[in-house]
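*Asks:* Pasting a structure here, questions to come.
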Amino acid sequence: MCQHQPTCPSAEATDREAARVLACFREQGWSLLCNGVIVFEDTGELLPDGSSIAPHRGPARHALVA
């Protein structure tokens, strides 16, 4: 699917979020990457095969203060 050089990571790769954005819908909170992955602003993902990945952002900064 990707035509970039070097080729972007595939949807199965662990670094799939590094693929280039094809379309961004900020008002709806999601973007389509060139590898077919849809990423949501809460860091969740929808893969091309229909499977999903739960949000995986780190803890809030205020929670890190000791």
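The values are calculated or read from the model by the stated rules, or taken from the named source; none is laboratory data. Computed from a predicted model, the values in this text were never measured in an experiment. FYI the Cβ positions are ideal-geometry reconstructions off the backbone, even for glycines, and counts take in every protein chain you see.
Quick grid of which residues meet (1) aliphatic (A, V, I, L, M); (2) within 17 Å of A54 (Cα to Cα):
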{"residue": "R16", "(1), (2)": "no, yes"}
{"residue": "C24", "(1), (2)": "no, no"}
{"residue": "V37", "(1), (2)": "yes, yes"}
{"residue": "D42", "(1), (2)": "no, yes"}
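*Asks:* Which of the residues belonging to the stretch 45-59 are buried (at least 16 other Cβ atoms within 10 Å of the Cβ) and either in a loop (DSSP other than H, G, I, E, B) or without any contact (Cβ under 8 Å) to a residue 24 or more places away in the chain (or both)?
*Replies:* The one that is buried (at least 16 other Cβ atoms within 10 Å of the Cβ) and either in a loop (DSSP other than H, G, I, E, B) or without any contact (Cβ under 8 Å) to a residue 24 or more places away in the chain (or both): L46.
*Asks:* Report whether or not T7 is of a type outside the set (G, A, S), at positive phi and at pLDDT below 95.
*Replies:* Criteria not met by T7.
*Asks:* Next question, about the same structure. Would you check if H56 is under 20 Å from S10 (Cβ atoms) and at pLDDT below 95?
*Replies:* Judged against the criteria, H56 is a match.
*Asks:* Quickly run through the stretch 1-44 and pick out the residues that are surrounded by 16 or more Cβ atoms within 10 Å (Cβ to Cβ), closer than 20 Å to R57 by Cα and hydrophobic (A, V, I, L, M, F, W, C).
*Replies:* Selection gives A11, A19, W30, L32, L33, V37, I38, V39.
*Asks:* List every residue pair whose Cβ atoms lie under 9 Å apart, where the two residues are 6 or more positions apart in sequence or sit on different chains, the first residue falls within the stretch 1-18 and is assigned to a loop (DSSP other than H, G, I, E, B), and the second residue, located anywhere, is among the hydroxyl-bearing types (S, T, Y) and crowded, with 16+ Cβ neighbours inside 10 Å.
*Replies:* none
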